[in-house]
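The values are calculated or read from the model by the stated rules, or taken from the named source; none is laboratory data. Predicted model, so just to flag it, every value in this text is computed and none were measured. Note: ideal-geometry Cβ built from the backbone for every residue, glycine included; neighbour counts use all protein chains shown.
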Amino acid sequence: ELKVEQNPLFLSMQEGKNYTIYCNYSTTSDRLYWYRQDPGKSLESLFVLLSNGAVKQEGRLMASLDTKARLSTLHITAAVHDLSATYFCAVGGTSYGKLTFGQGTILTVHP
Amino acid sequence: DGGITQSPKYLFRKEGQNVTLSCEQNLNHDAMYWYRQDPGQGLRLIYYSQIVNDFQKGDIAEGYSVSREKKESFPLTVTSAQKNPTAFYLCASSIPGGPQETQYFGPGTRLLVL
């Protein structure tokens, strides 16, 4: 059974600081996704990582994938208040299209 | 505009009642999914369908049923057998086997038990 664990689950940051969210998964997969969810809202796709060593960047967010370590990271650079949200990683399993989600990381950025 | 719509936004269920949540997409996606989200938790897969007239159970299918008679529609029925239905329900769709297979999510339905 595929298990996905994120840490930390809660992250309180000051504006301008850097931090990393980690996503570990238990079995081999070649598809990893990062989503953002604002309170009471749906999920917004941020990144899709499809191969070992893949790195993608959008604004202050950068995601990477190490399939050998079964680890993905979401790095936040110079955080701003607008990045406050819950971030989920999700891993593709052997069944076509089926995703297993992590618990989510609640990020709060303070002035 | 292409997208996924879910209705209603809020739904109240009485004890012993079956309720149906609607999910419609005009993205021409073959695959559709239903997830449940409980407060402070990640998403758990209820059912998914990769093609019309075919669907599979996810991790928490007990107490739920679905149908897939049209490509655009994938309604979810929460039956009276689901003893703890209060949650946020999200529908998603994707192109199976597509370059990225990203799942796109609808706005969600919040179900509350009276």
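Summary of values
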item	result
Residue among A:L50, A:L99 that is facing another protein chain (nearest Cβ under 8 Å) and either surrounded by fewer than 21 Cβ atoms within 10 Å (Cβ to Cβ) or out of contact with any strand residue (DSSP E or B) (no Cβ under 9 Å at 6 or more places or on another chain) (or both)	A:L50
Of residues in the range B:7-26 being out of contact with any strand residue (DSSP E or B) (no Cβ under 7 Å at 6 or more places or on another chain) and over 19 Å from B:S73 (Cα atoms), the one surrounded by the most Cβ atoms within 10 Å (Cβ to Cβ)	B:Q17
Residues (in contact with a Pro (Cβ under 9 Å, 6 or more places away or on another chain) and acidic (D, E)) located in the range A:1-45	A:E15
Given (1) part of a loop (DSSP other than H, G, I, E, B); (2) within 14 Å of chain B (Cβ to nearest Cβ), number of the condition A:G16 does not satisfy	(2)
Residue list for the range B:43-74, restricted to those being crowded, with 21+ Cβ neighbours inside 10 Å and touching a Gly at 6+ places or on another chain (Cβ under 8 Å)	B:L45, B:I46, B:Y47, B:Y48
Test: A:A79 is part of a loop (DSSP other than H, G, I, E, B), away from chain B (no Cβ under 14 Å), on the phi < 0 side of the Ramachandran plot and buried (at least 17 other Cβ atoms within 10 Å of the Cβ)	yes
Verdict on A:S26 being hydroxyl-bearing (S, T, Y) and over 22 Å from B:Y104 (Cα atoms)	yes
Tally of residues being over 22 Å from A:A85 (Cα atoms), free of Cβ contacts under 8 Å to residues at least 40 places away in the same chain and polar (S, T, N, Q) across the range B:18-55	2
Yes/no for A:G104 being within 14 Å of A:N7 (Cβ to Cβ) and modelled with pLDDT of 95 or more	yes
Residue list for the range A:34-55, restricted to those being in a strand (DSSP E or B) and of a type in the set (S, T, N, Q)	A:Q37, A:S45
Cβ-Cβ under 8 Å pairs, at least 6 apart or on other chains, the range A:15-38 side without any contact (Cβ under 8 Å) to a residue 60 or more places away in the chain, far side part of a loop (DSSP other than H, G, I, E, B) and of a type outside the set (K, R)	A:S26/A:E1; A:S26/A:L2; A:T28/A:T67
Qualifying residue in the range A:33-42 (condition: facing another protein chain (nearest Cβ under 10 Å) and under 10 Å from the mean Cα position of the chain (by Cα))	yes
